[in-house]
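Since every read-out is calculated from the coordinates, none of them should be taken as a lab result. It should be emphasised that the depicted structure is a prediction, and the values quoted were computed from it without experimental measurement. Note: ideal-geometry Cβ built from the backbone for every residue, glycine included; neighbour counts use all protein chains shown.
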Amino acid sequence: MVSEIDNIELRVATKEDAKNAQAEIDFILNNNGDETVTGLRDELQQCMTDNAGAFRTGESLEIAIAKVKELHKRFKNIRIKDKSKLFNTELQEAIEFGHMLDYSAFIVESAIARKESRGAHYREDFESRDDENFLKHTMAYMDDKGDIRLDYMAVKLGKHELKPRTY
Amino acid sequence: MSTHNINTQKVNFKVFRFNADVDYLPYYEDYTMEVTSEEVVLDILNRIKWDLDGSFSYRRSCRHGICGACAIKLNGRATLACKENMNDMIKLFGNDITLEPLSIKRAVKDMIIDKADFWQKHDAVKPYLISDIDEYPEHEHLVSPKQAEELDDADLCIQCGACHYACPVVEINDEFFGPAAFAKAYRFEADVRDEAGTERLTEMHKEAQGVWDCVKCFECAEACPKDINPIGKITKLHLMLFDKGLATSTVASRHAVGFKNSIAKHGMLDEGTLVLYSEGPSIIKHIPVALQMFRKGKIVLPWNMPKSDNLDEIQKLVKSSSTAKF
Ligand code: SF4
Ligand code: SF4
Ligand code: FES
C-alpha cells in the first residue's frame, strides 16, 4: 500500500500554473460585477442539498448540473469589497467558492453517468447495484472550458469477493 | 409535547474595525440586527461578514469550541464566539453589545490579532513530552487513571489566548510567560512520563518570566472558556519549585515563605514584616508607600500586630497543610 503511494507520479508545477493561480486571485480582487459570493454560495448549497444528496435521480441531477453551469457564469460577475492583501478572508472565501463550483460539477457529472446505486450514491431511478457495468472507479477530468470528460479505472478487489449486500 | 420557542430581539452591535494596511486609527461600526435565541456569537460575526460587510474579518474554524481560533472580547469580557449563546450574552449585558479583539494593541484586522507573543511563550516552555523514548517498545507505557488526573485538565487547553490577553502582568511585563504557557508547562511537569527533570521547571523560577511575577488576580481563571483555571496550575508550579528544591531565595520565593511565616505567627498577614522579609535591606525604597499604608491602617507597627482568634488551630492547620520544605 505505502509503496503504491510512493510510486504516484506528481506533476511538477510550472510557471504557467503559478500564472493561473495569480490570474484567479487578480480576477477576484479586481472584478467589478454585481453578484456576491455569499449569495451564489447559498444558492449552490441549497441546490446541491436538494438535488445531489445521497438520494438522487437522473432528473434531479440534471437540475443540479444546470444550476452549477448557471452559477459558473454568474461567478464571472462577482465583486468583493475587501481589496486588501492583509488577512483577506473574503478573497479566500471567493477562491474556495470557485473550487466548490468545480467540485460540484465533478460530483454531479459522475453521478449522472453512474446509472446504478452504490453506497451513498443512491439513484432512486436505478435502485440496485450493477456490478456488470459499474464495478469501476470514475475518473473525471476538466478541460480549460470547464467541460468534464469521464473515464473509468478497474477496481482491484484483493481479498474481497463480490456478493450482494443483504443487510 | 414540549414546545421550544424561538424568539428574536433587536440588538445594537458596536464593532471594532481596523485594517493595519490602510487605517491610521481604529474606529467602531454600528450594526443593528434581529438576533434569534438560537444564535451563538460566531453566528453574528458570520452574518456581519456574509450579509452586511464582506471585508469584516475574524478567525474561526471548528465552530465547536475546540480549535481556539474565535476568541474575542464582548463588552470587555473574554468570549469564545462559537461557544457563547447570544441570549446569555443579552441577559448579562443587555441589548447594546460591543465586539472587540482580545487585545486592541495587537489588532491586525478587525477581530484578528497578532498572537506572536502568545506562541513565542508557548514555545519557550518546551510544550512537549521530554522523554527518552524506546523506538521499539515491547509494551505500552501505562499511566494510571489517578496519575492522569494529576494533569488536572491542563491538557484541555485550546490555546485560544483568552487568559493570556486578560492577564494584567502580560500587559506590562514582556517577559512574563503568561497563564496559558504556565498551564502548558504544568501539563507536562505533571505527566509521569515526562523526564525533563529540572530543565523546564527552572525556567518557571526565573524572575520576570516565571511564576513568581503572577499577581494572583484570577483574571485568567475568569477568562478561560474551558475552565482550565491557569492560576491553579501556577500555584501547583510554586509548590513543585519548593518540593524539588529549585525555589532559591529570591524576593518572590521569600515573599511566599513570608506569607506562611506571618500566618503561622499571627494567624493573619503582617504586611509590614512581610515586605521586610521578602526584600531585605532594599525595603528602604518602599518607605513612602509604607507611610501611606500606615496612615490608612493597612499596616501596623510590629509590636502592635494583633493575633487572630484560635491561633493554635491556625498553626496546626499551617503545619498539617505544608507539604513543601522551605
Ligand atoms: S492570576 Fe496571575 S497569570 Fe492569572 S491573570 Fe492574574 S496575574 Fe495573570
Ligand atoms: S488556558 Fe483556557 S483561556 Fe488560556 S489559552 Fe487555554 S483554553 Fe484559552
Ligand atoms: S471556531 Fe473553533 S473554537 Fe470557536
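In this structure the amide hydrogen of B:SER57, modeled in the peptide plane, comes within under 5 Å of the amide hydrogens of B:MET111, none closer than 5 places in sequence on its chain.
Just to verify a number: FRET efficiency for B:LEU25 and B:ILE172, C-beta to C-beta distance, R0 = 22 Å, to 0.05? Numbers along the way, then the final one.
On the way: r = 23 Å, r/R0 = 1.06.
Calculated transfer efficiency: 0.40.
Below 8 Å between Cα atoms, with a sequence gap of 6+, how large is the relative contact order for chain B in percent? Walk me through the numbers on the way to the answer.
Values: 469 pairs, mean separation 41.0, N = 326.
Reported relative contact order: 13 percent.
Counting every other Cβ atom within 10 Å of each residue's Cβ, B:TRP212, B:TRP119, B:TRP50 order from fewest to most as B:TRP119, B:TRP50, B:TRP212.
Entry note, the protein assembly as shown: the mean residue ellipticity at 222 nm calculated from DSSP H runs of n ≥ 4, each adding -39500 (n - 2.57), is -12000 deg cm²/dmol after division by the residues and rounding to the nearest 500. Take the Cα coordinates of the range B:125-209, assign each an equal point scatterer, and use the Debye formula without solvent to give log10 I(q)/I(0) at q = 0.14, 0.18, 0.27 Å⁻¹. With one equal scatterer per Cα and no solvent, log10 I(q)/I(0) is -0.57, -0.86, -1.36. Quick note on chain B: its Rg to Rh ratio, both from C-alpha atoms and Rh being the Kirkwood radius, is 1.05.
With an a/c value of 1.5 or above and a/b not larger than b/c for the gyration tensor axes a ≥ b ≥ c computed over the alpha-carbon atoms, chain A is described as oblate.
Couplings 3J(HN,Hα) for the range B:239-249, derived from phi with the Karplus relation 6.51 cos²θ - 1.76 cosθ + 1.60 (θ = phi - 60°), are 5, 4, 4, 5, 4, 8, x, 8, 7, 5, 5 Hz, where x marks Gly and Pro. Considering only A:ARG129, A:ARG149, A:ARG11, the Gaussian network model of chain A with Cα springs below 10 Å gives its largest mean-square fluctuation to A:ARG11. Evaluated with a Cβ-only charge set (Lys, Arg +1; Asp, Glu -1), the protein assembly as shown carries a dipole of roughly 1640 debye about its Cα centre, given to the nearest 20.
What's the magnitude of the charge dipole for chain A around its Cα centre, counting Lys and Arg as +1 and Asp and Glu as -1 at the beta-carbon? Answer in Debye, nearest 20. Provide the component values of the computation, followed by the final result.
Working: 26 positive and 33 negative charges, 28 e Å.
With Lys and Arg at +1 and Asp and Glu at -1, about 140 debye.
State, as an integer percentage, the relative contact order of the range A:24-167 based on alpha-carbon contacts under 8 Å between residues 6 or more apart.
After rounding, I find 24 percent.
Counts of other chain beta carbons within 10 angstrom of each beta carbon in peptide B:17-29 average 1.
Share of Cα-Cα pairs in the range B:9-113 beyond 22 Å, in percent? Show your work: numbers first, answer last.
Values: 1231 of 5460 pairs.
Cα-Cα pairs of the range B:9-113 separated by over 22 Å account for 23 percent.
Each residue of the range A:40-45 was assigned a 3J(HN,Hα) from its phi angle through the Karplus curve 6.51 cos²θ - 1.76 cosθ + 1.60 (θ = phi - 60°); the sequence is 5, 5, 4, 5, 5, 4 Hz, with glycine and proline shown as x.
Take each residue of peptide A:71-81, count the partner chain Cβ atoms within 10 Å of its Cβ, and average: the result is 1. Annotation: amide H of A:GLU35 within the under-5 Å range of A:ILE78, A:ARG79, sequence separation 5 or more or interchain, hydrogens built in the peptide plane. Springs between alpha-carbon atoms under 10 Å, Gaussian network over chain B: tell me which of B:GLU39, B:GLU138, B:GLU195 tops the mean-square fluctuations. So, out of B:GLU39, B:GLU138, B:GLU195, the one fluctuating most is B:GLU138.
Remark: B:PHE188, B:PHE93, A:PHE97, B:PHE218 ranked as B:PHE218, B:PHE93, A:PHE97, B:PHE188, counting other beta-carbon atoms within 10 Å and listing the fewest first.
Amide H contacts under 5 Å for B:THR98: B:LYS14, B:ASN75, restricted to partners 5 or more places along the chain or on a different chain, H placed in the peptide plane at 1.01 Å from N.
As an equivalent ellipsoid, the protein assembly as shown spans semi-axes of 58, 31, 23 angstrom, where each value is the square root of five times an eigenvalue of the C-alpha gyration tensor, largest first. Working note: Karplus 6.51/-1.76/1.60 with θ = phi - 60° gives the range B:79-84 the couplings 9, 7, 4, 7, 9, 8 Hz, where Gly and Pro are set to x.
What is the order of A:ILE63, B:ILE44, fewest Cβ neighbours within 10 Å to most? Spell out each step's value before the answer.
On the way: A:ILE63 15, B:ILE44 22.
Starting with the residue having the fewest Cβ neighbours, the order is A:ILE63, B:ILE44.
For the options B:PRO225, B:PRO306, B:PRO26, a Gaussian network treatment of chain B with springs between C-alpha atoms closer than 10 Å singles out B:PRO306 as fluctuating the most.
How crowded by other chains is A:30-43, given as the mean number of beta carbons from other chains within 10 Å of each beta carbon?
1
With point charges of +1 on the Cβ of Lys and Arg and -1 on the Cβ of Asp and Glu, referenced to the Cα centre of the protein assembly as shown, which listed residue (B:HIS122, B:THR202, B:ILE66) lies farthest in the positive direction of the dipole? Positive-end residue among those listed: B:THR202.
Computing FRET efficiency as 1/(1 + (r/R0)^6) for A:ALA154 and A:ALA23, where r is the C-beta to C-beta distance and R0 is 56 Å, gives about 0.90.
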